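Here is the structure we will look at.
The values are calculated or read from the model by the stated rules, or taken from the named source; none is laboratory data. Note that the structure is a prediction, hence the values are computed from the model and not measured. Because the Cβ atoms are built from the backbone with ideal geometry, glycine has one as well, and the counts that use them run over all protein chains shown.
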């Protein structure tokens, strides 16, 4: 769906759910967004996290409607955010661009991990598999390269 920037507040329709490519915000604080764990009551939208993906970032989404907000899963996701490794190719430190971990109830699975143009769905949370996905495809598909 491209990588175009839109003015904040612009409505965007995406071809896939969750979107891992498409138009997004390019505005301080709105996109890219701060890499961290976002709780179930935080408001995080695709137009923000897509900018992280465009730069090679990593996003993990959880769906509260499908059971992704249980205490154990949220605890594991907080730990994942706090211990996230450097990026697999550019060695960008964890916390600099990735991960964004946020609630997204519109998807068809309880959990999903995203890099630009790739989505890995999970029916039950497996952070080791999520990290393996990141190690295998992280920073390989994003249109803007940010290696030092």
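Being touching a helix residue (DSSP H, G or I) at 6+ places or on another chain (Cβ under 8 Å) and surrounded by 13 or more Cβ atoms within 10 Å (Cβ to Cβ): is that true of residue 101 here?
The answer is yes for residue 101.
When you look at residue 84, is it in contact with a strand residue (DSSP E or B) (Cβ under 8 Å, 6 or more places away or on another chain) and either under 22 Å from residue 30 (Cβ atoms) or modelled with pLDDT of 95 or more (or both), yes or no?
Judged against the criteria, residue 84 is not a match.
Could you grab me the full set of residues in the range 95-148 that are free of Cβ contacts under 8 Å to residues at least 12 places away in the same chain and either part of a loop (DSSP other than H, G, I, E, B) or closer than 19 Å to residue 42 by Cα (or both)?
Once the filter is applied, which keeps residues that are free of Cβ contacts under 8 Å to residues at least 12 places away in the same chain and either part of a loop (DSSP other than H, G, I, E, B) or closer than 19 Å to residue 42 by Cα (or both), the range 95-148 yields only 126.
Might you check whether a residue that is part of a loop (DSSP other than H, G, I, E, B) and either without any contact (Cβ under 8 Å) to a residue 40 or more places away in the chain or loosely packed, with under 15 Cβ neighbours inside 10 Å (or both) occurs anywhere in the range 75-83?
Among the residues of the range 75-83, at least one is part of a loop (DSSP other than H, G, I, E, B) and either without any contact (Cβ under 8 Å) to a residue 40 or more places away in the chain or loosely packed, with under 15 Cβ neighbours inside 10 Å (or both), which makes the answer yes.
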